[in-house]
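First the structure, in the form of structure tokens, and then the observations on it.
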Amino acid sequence: MAAEKQPKTRIRTWQIDGLTTLADTVPIDTSYLNLPLKTRLNTFSISNVWNGNTVSPIQSRLWFKNEKKVDDLFGLQYQPYTITPQDVRFYNTTTPYSRIGYDRGFVSGHEEHEINFLFTGNLNKAVNLGLEINYEKAYGHYLNQEGKYVNGAIWGSYDGPKYFLHASLSFNTLSNFENGGIKDVADLSSSLSSSDIPVYIQGMSGYKYIAGFLNHGYTINVQKSHHDSIESINGFGEKEMKDTIIYDYIPLISFSHTFETTNSVHRYIEQQAKQNYFEQVYYSPTATHDSSNVLTIRNTLAVTFEEEFNKLLHFGFSVYARNEVQRLIIPKTDTAAVYWLPFDNDRNVMLDKTNASRMFNTSLFQNQWMNNTFVGGTIYKKTGKYIFYDAGGEICLLGYKLGQFHVKGRINAVIPIGKNTMDIEADVRFGNEAVHYYLQHYRSNHFKWDNDFSRPMSLTIKGAIKYPTKWVKPAVNIGFENRTNHIYFDATDGLPHQKDGNIQIFSADVQCDLTTPWINLENHVVYQVSSAKEIPLPMLTLYHNLYYHGTWFKALDAQIGADMRFFTKYHAPILNPAIGQFCVQNEVNIGNYPVMSVYANFYVRLLHLKFFVQYTHLNHLFMRQNTNYLAMPSYPMNRDVLRAGLTWHFYN
């Protein structure tokens, strides 16, 4: 009897666009190359502003990397750790697929641990279920710096010929201690250990984001059939070709409904409010228990005419209407703000249960409800050989965000040149944005404000050219943005301010990777300039990665290399821990310091197993007297660390 043939693994992944709710195919990353470099910080951007620990509020030093994906003022700095419904990947697999990973930083008393797990599988050709969980805990090298997060998602999808459904539940919990930075940078070159260097404060920040998502719809399609030949194994174990009829379903029109709800909570806690760090203590001199809460519920109805519907002009288009309801919990009076209660993230309970009723006492707090209605649409062309495009926009017709609008257009041309292909892309965006309620009105123990800011407006123009060849892979990205009525936080008073007039930002992002059969050199250089001090940017940001790669014994892929990160001196923003915002300052310059690492990375083909060893911030070993290794003013980066990790893929 012939042996049973194992099914071949095929994995398809896609995400759901947040506005049009259209599915967008995304590739799955199975490459072993640069595994030790794919930390959450490095994946977000080649250079970031953060507190120096691996779990921290984050802002990219590259202007065009700081895109907004959560509608919460106090959640923007945690976006790299936040899984939104639009980040969830849906799968369709011919065999179950799972992945497990573990990384560790080996520093006595300052360990780092990261665990990742993913599983997905199909119940049949149409139904898929999956689960992803990520955990990281980093103690930090300095006092009061420990941080940790847990995030993940549960999802399911049905992809039938007529009816489709996508559902997910994502969860994100992050907490990090706040120290306000070290008091004296000169201590970095002293004999003090990092954990003995004095810091400004002892506090803690916490952030929770939970999102539920449901997208479903009905497609009107036509059925087409064609003959094909497939290879099969007969009863004698011999290969033979058989004729068969293949049925394809060509979608024409889709009607869909999308429901999305998110709940975003931010907390800041101090056991001692007066620590000679913040100038004001408005409510409680003994302790700080600040909190904010944003609940958002969205319903979207959409009609999509697929490209196959329009045979004459060969493009698809979609129109939609969306209702958005937001609820913010705010104190009725200034004195009510003191009753926000401390929260223990480890036990998921309030610490002061005796006063728990005060937190929801309607005489002290109220719900601020806002209702918004949007309409929008898009046209697109995703099929073909050479030209692809999409253009669309939306406007708010009713509610708090009345008059908010966004329009955008993108065109992509694929041009064959000899044996290679040039990729050219242009992108234009224009719109304004309603000012978030918490930017207009906010109360906390150290800061409070009431503003009447005008709406910021922006025009963004981007262009990109890529021409990868066998030996050289150049890519150039040019970006220009004009911002009007820009809102920023100032470090002198910790309050939001608005810049009158226009600010221009220009960016030239150049990548050029040199490849050979054994040696690769990845180069990434970003030039940026801002016309105003309210948007500080380093003029140059560099990243280089030199490595050997090859296959040993036809079974083991190896990569051994070194990388370096660098940015020129500039007035980097500084974190205000009480409000969780990066504030503009004009007193301290940081930069002109390289961060170098070495690594060895391997992939066992038969086992689908990747593992690595890495020594980060290697140059600290011979540059101990240099105190310029600051992630932002007063916040030094971690010192040299030995890391190791593995990732194991399973396809059955």
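Results, tabulated for the structure shown:
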item	result
Positions within segment 141-164 being closer than 30 Å to residue 90 by Cα and either open to solvent by less than 10 Å² (accessible area, probe 1.4 Å) or modelled with pLDDT of 95 or more (or both), in sequence order	147, 148, 149, 150, 151, 152, 153, 154, 155, 156, 157, 158
Qualifying residues in segment 36-49 (those that are in contact with a helix residue (DSSP H, G or I) (Cβ under 7 Å, 6 or more places away or on another chain) and open to solvent by 30 Å² or more (accessible area, probe 1.4 Å)) - the one modelled with the highest pLDDT	44
Filtered residues of segment 562-605 (kept if among the aromatic types (Phe, Trp, Tyr) and not in a strand (DSSP E or B))	593
Considering residues of segment 50-77 that are in contact with a helix residue (DSSP H, G or I) (Cβ under 8 Å, 6 or more places away or on another chain) and basic (Lys, Arg) only, the residue farthest from residue 478 (Cα to Cα)	69
Selection count, segment 200-211, where residues are open to solvent by 20 Å² or more (accessible area, probe 1.4 Å) and either among the hydrophobic types (A, V, I, L, M, F, W, C) or assigned to a strand (DSSP E or B) (or both)	3
Residue match in segment 50-58 (condition: more than 19 Å from residue 649 (Cα to Cα), buried (at least 16 other Cβ atoms within 10 Å of the Cβ) and without any contact (Cβ under 8 Å) to a residue 24 or more places away in the chain)	yes
Subset of segment 583-600 (residues that are under 22 Å from residue 542 (Cβ atoms) and either of a type in the set (A, V, I, L, M, F, W, C) or open to solvent by less than 50 Å² (accessible area, probe 1.4 Å) (or both))	588, 590, 591, 593, 594, 595, 596, 597, 598, 599
Residue in segment 115-129 that is at pLDDT below 95 and among the hydroxyl-bearing types (Ser, Thr, Tyr) present	no
Single match in 465, 487 (criterion: buried (at least 16 other Cβ atoms within 10 Å of the Cβ), of a type in the set (A, V, I, L, M) and either in contact with a helix residue (DSSP H, G or I) (Cβ under 8 Å, 6 or more places away or on another chain) or not in a loop (DSSP other than H, G, I, E, B) (or both))	487
Per-region count, segment 428-458, residues in a strand (DSSP E or B), more than 17 Å from residue 394 (Cβ to Cβ) and open to solvent by less than 60 Å² (accessible area, probe 1.4 Å)	3
Filter pass, residue 514 being surrounded by 14 or more Cβ atoms within 10 Å (Cβ to Cβ) and more than 20 Å from residue 76 (Cβ to Cβ)	yes
Failed item in (1) farther than 24 Å from residue 517 by Cβ; (2) part of a strand (DSSP E or B); (3) aliphatic (A, V, I, L, M), with residue 558 passing the rest	(1)
Matching entry among 466, 462, 533 (being more than 28 Å from residue 413 (Cβ to Cβ) and modelled with pLDDT of 95 or more)	533
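The values are calculated or read from the model by the stated rules, or taken from the named source; none is laboratory data. Treat the numbers as computed from the prediction; the structure is a model and nothing was measured. Note that we place each Cβ from the backbone using ideal geometry, even for glycine, and neighbour counts take in every protein chain shown. To get the accessible areas, we keep the full protein, side chains included, count just its heavy atoms, and leave off ligands, DNA and RNA. Shrake-Rupley method; radii C 1.70, N 1.55, O 1.52, S 1.80 Å.
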